[in-house]
Amino acid sequence: MTRLYIAMERELLVINHRAGQWQVDTHMVGFPTQCLAADPFHPEQIYCGTFAKGSWCSEDAGASWKRIGEGVSSANVTAVAVSHTERTGEYGVVWAGTEPSALYRSEDRGRTFQELAGLRELPSRSTWSFPPRPWTHHVRWITPDAVVDGRVFVCIERGGVMRSLDGGQTWEDRQPNGLLDAHTLRTHRLAKDRVYTANGDGFASPGMGYSESFDGGDTWQYFCDGLKHHYLYGLAVDPGNPDTVVVSASPGPAEAHNSAVADSTIYRRTGRQSWLEIRDGLPETKGTIIPPLETNESEPGVFYAVTNKGVFRSADAGLTWKRLDISWPRYVPSSAMYRGWPDQFQHQHPQALVVTR
């Protein structure tokens, strides 16, 4: 069974595909959910971070949720991840990042965490600052490498991409003149040393919106030909082909995140070709908040996107998209304009998406 977990601004959605229909359950209503991760060894084990309300997990594919996170000093959990290569017993090692920026590791399914203080001791820390709240900053993304044990990448918003080669015990600072605002970072099980990033840096420097490393993060190259929108946010890579990449993009941060002026689109790139803007099956760019993107290892060639106008799926490696026809509980108001996508979500910013099977 395919399941989608969506972190919205004020609730968590669990969408199941049963008997040919997509059906939704709503959880954690009133919670500002921020981030999600699934355990690759046990996909029914799901982790959720919230702003101001800490960390939560489900052990039954989202049917119920409980508070976790002993040892995490901040209730603002902005990033979670589960390792594909490290585990204790049958379950993957869990990572959590917070605002202010701090990083934690759990080897007991999130019950307790230990801080990896080396991240906070990096020389560049004094320069980290998140523009909408310049007095603070946060861990935006955590990527335990899909292939290499102990290699972990952390994106600080806004501070740069940091790397550990020993499971988070020690950290390398961002490269001189390197990225400051990586939003999403991926690795791929079929491309050992390849690292992909979607960046906000392109807003000020259009040639820096998208970058890749082919040596595990030692050096970076920028590939922006074809991009007419340079503020990149979501990023997903085809599970079956590490050369096919999809990103979400906007003219700038206001158009990305503010529903009043929202304007976002999706681009696709394969091999060394230029980026191609994709519109087939997707909503109008005007009014669309920038979407998170996701894939699932068991579905090569399939991508998912969640917007304030609905959930979309591509079955042809990102070339065309189709909106999922979701059956909502009767008590949730819906708008005919969006064929059942509830009114209450049309001004919310989708924060995170996870797909399991």
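The values are calculated or read from the model by the stated rules, or taken from the named source; none is laboratory data. Predicted model only: the values in this text are computed from it and were never measured. Using ideal geometry, Cβ is built from the backbone for each residue, glycine included, and neighbour counts are taken over all protein chains shown.
Looking at (1) closer than 20 Å to THR184 by Cβ; (2) in contact (Cβ under 8 Å) with a residue 60 or more places away in the chain; (3) of a type in the set (A, V, I, L, M, F, W, C), can you tell me which one ALA61 breaks?
(1) is the only condition that ALA61 fails.
How many residues, within segment 221-249, are surrounded by fewer than 19 Cβ atoms within 10 Å (Cβ to Cβ) and among the aromatic types (Phe, Trp, Tyr)?
Adding up the residues that qualify gives 2.
Just need a number here: residues in segment 270-280 that are surrounded by 17 or more Cβ atoms within 10 Å (Cβ to Cβ) and either on the phi > 0 side of the Ramachandran plot or in a strand (DSSP E or B) (or both). Walk me through how you get there before you give the answer.
Residues of segment 270-280 surrounded by 17 or more Cβ atoms within 10 Å (Cβ to Cβ): 275, 278.
Next, from what is left, pick out any that are either on the phi > 0 side of the Ramachandran plot or in a strand (DSSP E or B) (or both): 278.
Selection size over segment 270-280: 1.
Hey, any hits in segment 189-210 for a residue that's more than 27 Å from VAL147 (Cβ to Cβ), surrounded by fewer than 22 Cβ atoms within 10 Å (Cβ to Cβ) and in contact with a Pro (Cβ under 9 Å, 6 or more places away or on another chain)?
yes
Does segment 120-135 include one or more residues that are surrounded by 23 or more Cβ atoms within 10 Å (Cβ to Cβ) and closer than 23 Å to ASN177 by Cα?
Taking every residue of segment 120-135 in turn, none turns out to be surrounded by 23 or more Cβ atoms within 10 Å (Cβ to Cβ) and closer than 23 Å to ASN177 by Cα.
Scan segment 10-56 residue by residue and report those that are surrounded by fewer than 17 Cβ atoms within 10 Å (Cβ to Cβ), outside any strand (DSSP E or B) and of a type in the set (D, E, K, R).
Answer for segment 10-56, where residues must be surrounded by fewer than 17 Cβ atoms within 10 Å (Cβ to Cβ), outside any strand (DSSP E or B) and of a type in the set (D, E, K, R): ARG10, GLU44.
One line per residue, one yes/no per condition, for (1) at pLDDT 95 or above; (2) part of a strand (DSSP E or B); (3) surrounded by fewer than 17 Cβ atoms within 10 Å (Cβ to Cβ):
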residue: VAL261; (1), (2), (3): yes, no, yes
residue: ARG268; (1), (2), (3): yes, yes, no
residue: LEU282; (1), (2), (3): yes, no, no
residue: ILE289; (1), (2), (3): yes, no, no
residue: PRO300; (1), (2), (3): yes, no, yes
residue: TYR304; (1), (2), (3): yes, yes, no
residue: ARG313; (1), (2), (3): yes, yes, no
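If I ask for residues that are on the phi > 0 side of the Ramachandran plot, touching a Gly at 6+ places or on another chain (Cβ under 8 Å) and without any contact (Cβ under 8 Å) to a residue 40 or more places away in the chain, which ones from segment 142-177 would you list? Reasoning before the result, please.
Filtering segment 142-177 down to residues on the phi > 0 side of the Ramachandran plot leaves 150, 160, 167-168, 177.
If we keep only those that are touching a Gly at 6+ places or on another chain (Cβ under 8 Å) too, we end up with 150, 160, 167-168.
Hit for segment 142-177 is GLY160, nothing else.
Which pairs have Cβ atoms under 6 Å, sit 6 or more apart or on different chains, and link a residue in segment 106-121 that is closer than 9 Å to GLY69 by Cα and touching a residue at least 40 places away in the same chain (Cβ under 8 Å) to one that is in a loop (DSSP other than H, G, I, E, B) and of a type outside the set (Val, Ile, Thr)?
Hits for this filter: THR112/GLY71; PHE113/GLY71.
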